[in-house]
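> Let me begin by handing over the structure; questions about it come next.
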């Protein structure tokens, strides 16, 4: 008969334990080893490490300093929260939309007020001999731009305006009582340009009559007059390219960024 005696494998049991890399002590559970390592690292620090710890502890704030620090942080946090609330209100306002024509009419009724309608302003444009002389040295487009810019009233009282948010669109004050703004109609602008053209032509003819003798005897003066007449008679405001170029030049002079005028996003 044979007997089998079971002997515990102590070596296998020992190999399953987790040793501490600092002191070599072994633990069955990793969690126990982790707790041990925290204390072991403290108790086994080198003299240099202890010196560094002491120096760092000397810089730690005391209780009074810690209270003051917390109070300062609380104050800054409160200030930041207030600013965030103000920013949130601003964001909510910027999301609101208003109609640009409604805004123009409301603004005109309370603030900037044109002293005349666009139609009256256009008819009152001053055309004189200096206009003709300007035309003799410049193009018809440059002359029209010169006339418009020279005769525009104060910025806050303009009966015509434009905004960068809507390229190429001009708004005009159609009536004063009550104030009514509308997009500039193409046909109305062309009629006004034709009337302005007749004024310039009339002034050119007056300039020719005034200088008839010089023009007759001086070839250079005669050539200047003929070229000026060709500039004037060679333009057709009904042509899309001509109309767009004049309108764009006027828009470029008048345009404003409406975001600088109000805190709302404008709906066109």
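Read-outs throughout are calculated quantities, based only on the coordinates presented, and are distinct from any laboratory measurement. If you're wondering where the values come from, they're calculated on a predicted model, not measured in any experiment. Quick reminder, even Gly has a Cβ in these numbers, built from the backbone with ideal geometry, and neighbours come from all protein chains shown.
> Just to be sure I understand the model, the point goes 7 Å from the Cα along the line to the Cβ. What's the resulting residue 85 to residue 69 distance in nm?
Between residue 85 and residue 69, the label points sit 2.9 nm apart.
> Another question, then. For labels at residue 252 and residue 106 in the simple 7 Å Cα→Cβ model, what's the distance in nm?
That separation, rounded to one decimal, is 3.4 nm.
> Cα-Cα pairs above 28 Å in segment 97-267: how many percent?
32 percent
> Further question: Take residue 119 and residue 167, extend 7 Å from each Cα along the Cα→Cβ direction, and tell me the distance between the two endpoints in nm.
It is 3.2 nm.
> Per-residue counts of other Cβ atoms within 10 Å, averaged by peptide: what ranking do you get for 170-181, 76-87, highest first?
170-181, 76-87
> To continue, here is another question. Between residue 244 and residue 217, what is the FRET efficiency for a Förster distance of 35 Å, r being their Cβ-Cβ separation, to the nearest 0.05?
Once the sixth-power term is evaluated, E becomes 0.25.
> Please give the FRET efficiency for residue 210 paired with residue 126, using the beta carbon to beta carbon distance and R0 = 22 Å, rounded to the nearest 0.05.
Calculated transfer efficiency: 0.75.
> Continuing with the same structure: Tell me, in nm to one decimal, what length is gained between residue 32 and residue 139 on full extension, where the rule is 0.36 nm per residue of separation less the Cα-Cα distance?
29.1 nm
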